[in-house]
Amino acid sequence: MDIYKLMFWSYLFIAISTLLPTIKKLLMGVELNPGGASFEQCRHFSDKNKTLLSDHYSRLMGTLGFWKKRAEVYTSFHYYSITWTIFSAWAVPILASFSPTDASQSDYSKLLIVLVSGHVALAISFYKGLKVADGMKAFRHGESEFYDLYRRLLDRPKTLGNTEEEQIDNYFSEVERIRKLVRNAETESLPTIENLQHNKN
């Protein structure tokens with residue numbers, strides 16, 4: 001059996017298989033993790049304000065789900081690209097040094113090098129073009145900052161104001177600020193034709 005043929009198809013299978021988790025996260029929805037006791041059980045607010053806060057959170061669930069999904073997709077593809085880039089950095093020179101000099105001995109020896117190099121080049125192109133690192137940070141930070149604020153309101157509402165109304169108003173204002181920051185980061189990280197051409201060059 002041609003060892004290079006076996007390595008070629010094995011590499012292709014593993015490369016596709018390890019990309020499947022990213023594709024799965026991209027195509028499927030995500031569920032928000034249960035956060036424990038929420039506004040309904042909070043003793044710091046009146047029933048009227050509990051309902052106000054619960055309604056506000058329910059309207060945010062779509063946004064939070066979107067942030068979580070995008071963060072998971074970006075994170076998954078980030079580690080996929082980093083792992084394969086590190087692997088190819090030493091795999092390509094080794095494969096090239098052990099490749100038979102007589103091309104007729106194994107057509108798959110050269111095809112394997114082309115596959116490894118092309119696969120990593122394609123992954124890096126998408127990684128840079130889609131600004132995966134920037135997107136991962138923006139959505140992760142936005143999600144984390146919101147839940148920090150959410151727990152702060154539940155556990156230490158006095159840090160947001162002296163009265164319930166002041167606490168809730170400051171909470172709403174902070175949520176709007178976080179949403180704006182994430183939206184701006186997302187817009188700035190969107191790829192453009194100029195970005196793609198620059199990365200290509």
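In the range 56-71, what count of residues is obtained for those that are exposed (fewer than 14 other Cβ atoms within 10 Å of the Cβ) and among the aliphatic types (A, V, I, L, M)?
Final tally of qualifying residues: 1.
Examine the range 44-65 for a residue that is in a helix (DSSP H, G or I) and under 14 Å from the mean Cα position of the chain (by Cα), and state whether such a residue exists.
Yes: the range 44-65 contains one or more residues that are in a helix (DSSP H, G or I) and under 14 Å from the mean Cα position of the chain (by Cα).
Is it true that some residue in the range 38-50 is more than 30 Å from Lys128 (Cβ to Cβ), hydroxyl-bearing (Ser, Thr, Tyr) and surrounded by fewer than 16 Cβ atoms within 10 Å (Cβ to Cβ)?
Looking for residues that are more than 30 Å from Lys128 (Cβ to Cβ), hydroxyl-bearing (Ser, Thr, Tyr) and surrounded by fewer than 16 Cβ atoms within 10 Å (Cβ to Cβ), one finds at least one in the range 38-50, hence yes.
Going residue by residue through the range 124-138, is there one that turns out to be hydroxyl-bearing (Ser, Thr, Tyr) and modelled with pLDDT of 85 or more?
Checked the range 124-138: at least one residue is hydroxyl-bearing (Ser, Thr, Tyr) and modelled with pLDDT of 85 or more.
The values are calculated or read from the model by the stated rules, or taken from the named source; none is laboratory data. Values in this document were obtained by computation on a predicted structure and should not be read as measured data. When we count neighbours, we look across all protein chains shown, and the Cβ atoms used for this are built from the backbone with ideal geometry, even at glycine.
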